[in-house]
Structure formats: C-alpha cells, structure tokens
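Quick notes on the structure that follows.
Nothing in this text is a laboratory measurement; each read-out follows from the coordinates by a stated rule. As the structure is a computational prediction, the values presented were derived from the model and not from experiment. Glycine gets a Cβ as well: all are built from the backbone with ideal geometry, and neighbour counts include every protein chain shown.
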Amino acid sequence: MATQTTKRGGFGGKIAAILAAAGSAIGLGNIWRFPYITSENGGGAFIIIYLGCILLLGLPLLIAEFAVGHNAKSNPIDAFSKIRKGWGWLGAAGLISVTLIMGYYFVISGWTLNYALSSATDSIGGDYGAFFTEFTTATWKPLIYTYIFILANHFIIVGGVQGGIEKASKIMMPLLFVILIVLAVYSLWLPEGREALGSVFTPDFSKVTGKTFLDAMGQAFFTLSIGMGAMLIYGSYFKKGTKLAGTAISVVSLDTLVALTAAIIIFSAGVENESGMQLAFVAMPKVFSAMPAGNIWAMLFFLLLALAALSSTISMHEAVTSYFVEKRGMSRNKSALIVTFIAIALSTVASLSLGDWSEYKVAGMNFFSLLDNFTAIVMLPLLGILTSVFVGWIWRREDMRAELTAEGGIDKSSYPIISFLLRWVCPVLVSIVFAFGIYDFINTL
Ligand code: PHE
C-alpha cells in the first residue's frame, strides 16, 4: 500500500455521488440490451420478473457494494481484504469480469459514434440491416470508432475523480435525461407508437422458462453494475456520512426509469421484426427515416446511447485503474494507460471476431458473444452470491451494521430489511436461479 499517505480522490457531494453512480448504472444495458432481452423473453412477463430481481436482489447488493467501498476507502481488492483478511480474491474476480466486459462494451460504444455521425450526415440510408452487417463485420472502420471512444474515456479518467469523472457525469447525465425525455414524448405522440407499445408490454407467460429468470437476474445485475468493483470504487469516493441506502435507491430508480423509457421509445417504433443486438441499431434508424427530420432524431438517439455508454465505461476503467494506483503504487496516468491498452487489445479481438475472425468459436460463440454471455450468465450471478455472503455473513455483524447506519445515525429503519435480504434472500434466490438457468442453458446448447 504505497500510496497510503497520498490523498485519495473523492466526489464533492451528494448530487455528484448520485450522478456518477447513476452514470455507471445507466448504459448500453438500459438502452441497447434491456429492450431486446425483453422482447426475446415475452415482454411484460419478463419486465415483472426483472423488477422483482431489481428490488429483492439488485438494490440490496448495490447497497452492499457501496458499503464495502465506503467502509474500506480503497480499491476493490484491498477493500475486501481490509474488511476480512484473505478475501481480496473476490475484488480481483470482479476486476477480471469488468475487464472482460470492457472488451465488448467498448466495441458497441464505438458503433454508437459511427451511427450518430452517419445519422447526422444522413448516410445510413437504404438497407439498414445491410449497413449494420457491413459496418460491424468490417476490419478497420469499427476499430477506429472504438479507439476514439476508448481515448475519450481515457482522458476523463486521467482528469481524476473530481476533475474527470464527477465533471463529466455532471455534464453528461442531465444531457442524457433531456434527450431521453424528448425522444419519449416524441414517440408517444405518434398514434402508431402508442399502439405498438401495447403488444410488447402485454405479458406473455408462455415464453417464461428457467432461463428467463436467469436472463432477468443477469440483466438486473448488469444494469446496476453489480459485483464488478465499479460501484465499490465509487462508494469509496462518497463523502463520510453519505446515506448509502438512500443513494442506492436514487440510483436504482433512475436506472429503472431509463430502462423502461428506452423500452417505450424502441417498442413504440413497432420493431417486432428485429431482434437481438441489432434491435437498436437496425430498427431505430429505419423508424426515424420515415419521420420528418428523421436523421436528427436518429442522431439524438445514438448520441443518447454514446453518452450512456461513456458514463458507464469510465466507472469500469476507474475500478481497474484504482488497482494499479493503490495496489501497485503507480501514477494515475501510467495506471490509466495500462488499463487503456488492455481495453484496446480486448476490444480489437472482440470487434474482429464479428468479421475477419468469425470462424474462431468456443461453444458455438465468437469471442464477442463469449465475453457477453460468460460475464452476464456466469460471472454476475456468482459475484452476486459471493458479495451477499461476504457482507451478510463474513463481515463482522457490528461493523457491517455500523457502516450501513453510519454508526446508528441513519437508515436505521431500513437496516433490518437490507440485512435480511443480504443474508438470506440474495444467496438462496440467486443460487436457485443460477442453477436452474444454467441447466436450461446447457440443454439448449
Ligand atoms: N451498468 C452498465 C450498463 O447498464 C454496465 C456496467 C457493468 C457498468 C459493469 C459498470 C460495470 O450498461
């Protein structure tokens, strides 16, 4: 711990803490992933299960992760081992997972830049499916956009916690909310939009299987950035006396609102014919193109995606960077550079695996899908179980209670509920869903 004497960064106040953490939560998970996972899983039925996962599992786990970071005031690995010796590996597992996520997340983030730009210049035109396939399977073009995005991310991280992350969140998040609201109002304005919505949100329970629950839980964990050190490191930057439960409730509410609004925007476009990861990229430009000034709306939509992605990737990057700064005693600049290089290497392979290298497959998946599936279906549930066990059972009861209630000063009434959810509901429920979902998943392979 070479830097014990140097001052650690931190967020300026309550609003900054909420905006930064909401920035991490709100991302491609909400606007790109949630709508397509929902449409694949029976619409309304999936949303009900998803909301249950958010409330019973996501919220308590988010509080738990904030608590570990806030208590230990250190990077994810030291945080766990400071609270209980020998548990640093749990932080390391989170950091490895978040690094793998960066590998494909930056690629999609790069796409959003190209789409925003191509919409602005109205050059997507014609066959939207072909545009998507041609662009994403190309060699250099997607890579260049990905690198530009990684570079933007790098400069925010180098700017520091307050000068980079906090400042960027304070600009990006309000802008994101404004664009989202404008787009939502616009889509609900159109009568065909309102009609299309009904068909998607009506629950179809016939599509619900064990895998649906696993998908809902994976999505809930992914969208709240749980178990991967990102929320832990932000928690470590919260000021003393910050209400952890209150902050988590704000973050979860904002995140859920954005996911539902994004689903409204996308479904109101009547996109039943598109599915999977193409949904946002193919269906949206197609729909916008039929509208007056459609290219401007499309540009706004992809700008929204880009902003959401950037505020998420900085939290991923920061979690890993903090490890090199605090555990390896490197400067912030050098640490950030190492993480940026790792991100470039992984995302290069992920991007190429969609085109030039698409014949290399593991379990029938290319590298890109492998990263996505392995982290969302395997790592997220495992990290969720372990984090709840750690906070609920391994952390000394009195210390955990003192942290969650700021020495008994706040959140006293919610403490028993959160503690119960963390000790019993999370480990048991996540394990059951994980076991059944994996069983289902293997059967479909
Ligand atoms: N929560 C982000 C999203 O929904 C993704 C993310 C995962 C961010 C892990 C940080 C860490 O897009």
Out of the residues in region 289-338 that are of a type in the set (Ser, Thr, Tyr) and over 22 Å from the mean Cα position of the chain (by Cα), which is nearest to residue 375 (Cα to Cα)?
335
Given the structure, is residue 363 within 30 Å of residue 243 (Cβ to Cβ) and surrounded by fewer than 22 Cβ atoms within 10 Å (Cβ to Cβ)?
no
When you go through 374, 436, 420, 368 one by one, which is the residue that is more than 25 Å from the chain's Cα centre (by Cα) and assigned to a helix (DSSP H, G or I)?
420
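Residues checked against (1) under 24 Å from residue 257 (Cβ atoms); (2) buried (at least 24 other Cβ atoms within 10 Å of the Cβ):
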site	(1), (2)
205	no, no
212	yes, no
218	yes, yes
224	yes, yes
227	yes, yes
230	yes, yes
242	yes, no
Number of the exception - residue 24 against (1) within 16 Å of the ligand (Cβ to nearest atom); (2) in contact with a Ser or Thr (Cβ under 6 Å, 6 or more places away or on another chain); (3) farther than 30 Å from residue 399 by Cβ; (4) not hydrophobic (A, V, I, L, M, F, W, C)
(3)
Per the list (1) away from the ligand (no atom under 16 Å from the Cβ); (2) touching a residue at least 12 places away in the same chain (Cβ under 8 Å); (3) not hydroxyl-bearing (Ser, Thr, Tyr), residue check on residue 7 breaks on (2)
Listed residues 419, 347, 351, 413; which is surrounded by 16 or more Cβ atoms within 10 Å (Cβ to Cβ) and within 30 Å of residue 49 (Cα to Cα)?
419
Quick check on this structure: which one of 137, 146 is hydroxyl-bearing (Ser, Thr, Tyr) and surrounded by fewer than 17 Cβ atoms within 10 Å (Cβ to Cβ)?
137
Do any helices (runs of 4 or more DSSP H) lying entirely in region 283-363 carry at least 3 residues that are out of contact with any Leu (no Cβ under 8 Å at 6 or more places or on another chain) and within 16 Å of the ligand (Cβ to nearest atom), and which ones are they?
294-328, 332-352
